[in-house]
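In what follows, a structure is listed as structure tokens, so that the remarks can point back to it.
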Amino acid sequence: LMAKDRQLIKLLQERRQSLIYHTVTGKIDTNGQPITNLKDSGVEWIGKIPQGWEVRRLKNVAEIVLGKMIKTEASEGYKLKPYLKSKNIGWGELIMNQVEDMYFSSREMQLYKLEKNDVLLSEGGEVGKTAIWDSELEECYIQNSVQRIRVNNRKLNAKFLFYLSIFYGKSGYYNSIVNSVSIKHLTREILVNIPVILPSLQTQQAIADYLDTKTASIDQAISKIQTRIDRLTEYRQSLIYHVVTGKVKVE
């Protein structure tokens, strides 16, 4: 039963990724129907996109900032503030159970402070993990294992970029462009030049809303299956314990 449930989770995860890919690249519309009026995107691995959509470089539609190097010693004029590092960035979620503090100057606080709807990417380690800041803390900053992307709201919807980045990360695109001589790093110099697919702002918002609904439904199904696996695991362990310690008879 557990093996079947794990396979079902895998299939749902693949379905989730396929849905994001086909929607953000314009292969299907927000009714789930195929779009046929397509043109060449100019980017081979993206393929065709709908007529009227554009492809621009990220630097043309957003501001990208790499976080601050660790500073754990107090200095005059510096204040101790919470910050996010790579381990706080998950695939589509922020992991906030261990948020650490370090010292920031007034200028650094202006430069590295997070604002609602900032898109956050893991710069090192498992590169490309993407989350979106929703003001989980009243005040928070970033360390230099995190890239912060702040979109130009007249050109790009932050939630649409979030889903686009999830697609880039899960499809292996980020891994294909990083410097992996030693440790992989998704540097700002690389990130500013990634292609961004641009439908109209209205379409971007519609896609973001559609994916919010659809992915939430898939995530809920995955969560229920995982709960069932956890209960089966507990039952299996309990069964072994009670048998090997003689708490139940097997005859």
Provide, as a two-decimal number, the C-alpha radius of gyration of the chain over 2.2 N^0.38 Å, N being how many residues it has. 1.21
Extension length gain for Leu12 and Thr72 (0.36 nm per residue less Cα distance), in nm, is 17.4 nm
Using a ≥ b ≥ c from the Cα gyration tensor of the range 51-117 (square roots of the eigenvalues), is it rounded, prolate or oblate, where a/c under 1.5 gives rounded and otherwise the larger of a/b and b/c decides, a/b for prolate? oblate
Could you calculate the FRET efficiency of Asp134 with His242 from 1/(1 + (r/R0)^6), where r is the beta carbon distance between them and R0 is 45 Å, rounded to 0.05? 0.50
Dividing the Cα radius of gyration by the Kirkwood radius, what Rg/Rh value follows for the range 1-130? 1.10
Have a look at Gly90, Ser223, Tyr112 and report the one farthest towards the positive end of the charge dipole of the chain, computed about the Cα centre with Cβ charges (Lys/Arg +1, Asp/Glu -1). Ser223
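Note down the net charge around Gly47, summing +1 for each Lys or Arg and -1 for each Asp or Glu among other residues with Cβ under 9 Å from its Cβ. The partial results should precede the final answer.
Numbers: positive: Lys27, Lys48; negative: Asp40, Glu44.
Local net charge: 0.
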Lys/Arg +1, Asp/Glu -1 at C-beta; the chain dipole; positive extreme among Tyr78, Val248, Ile207: Val248
What ranking do 87-98, 203-214 get when scored by the average of other Cβ atoms within 10 Å per residue, highest first? 203-214, 87-98
Given Cβ point charges of +1 (Lys, Arg) and -1 (Asp, Glu) and nothing else, what value in debye, to the nearest 20, does the dipole of the range 18-137 about its Cα centre take? 240
Between the alpha carbon centres of the range 208-241 and the range 66-144 the gap in Å comes to 30
Provide the per-residue ³J(HN,Hα) series for the range 152-158, in order, calculated from phi with Karplus coefficients 6.51, -1.76, 1.60 and θ = phi - 60°, each as a whole number of Hz, with x at glycine and proline positions. 7, 5, 7, 10, 9, 8, 4
Ile89's amide H: which non-local residues (gap 5+, or another chain) put their own amide H closer than 5 Å, with H modeled 1.01 Å from N in plane and none for Pro or chain starts? Ile95
Net charge near Phe104 (other residues with Cβ under 11 Å of its Cβ; Lys, Arg +1; Asp, Glu -1) is +3
Exposure of Tyr103 as accessible area (Å², to 10), given a probe of 1.4 Å and all protein chains: 50
Return the sequence-ordered ³J(HN,Hα) values of the range 108-125 in whole Hz as given by the Karplus equation 6.51 cos²θ - 1.76 cosθ + 1.60 applied to θ = phi - 60°, using x for Gly and Pro. 5, 5, 5, 6, 10, 5, 7, 10, 3, 6, 5, 8, 10, 10, 6, 7, x, x
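The values are calculated or read from the model by the stated rules, or taken from the named source; none is laboratory data. Just so it is clear, the structure is predicted and the values come from calculations on it, not from any experiment. Reconstructed Cβ throughout: ideal geometry from the backbone, glycine too, with neighbour counts over all protein chains shown. Ligands, DNA and RNA are stripped out before the accessible areas are found, and what is left, the full protein with its side chains, is counted by its heavy atoms. Shrake-Rupley method; radii C 1.70, N 1.55, O 1.52, S 1.80 Å.
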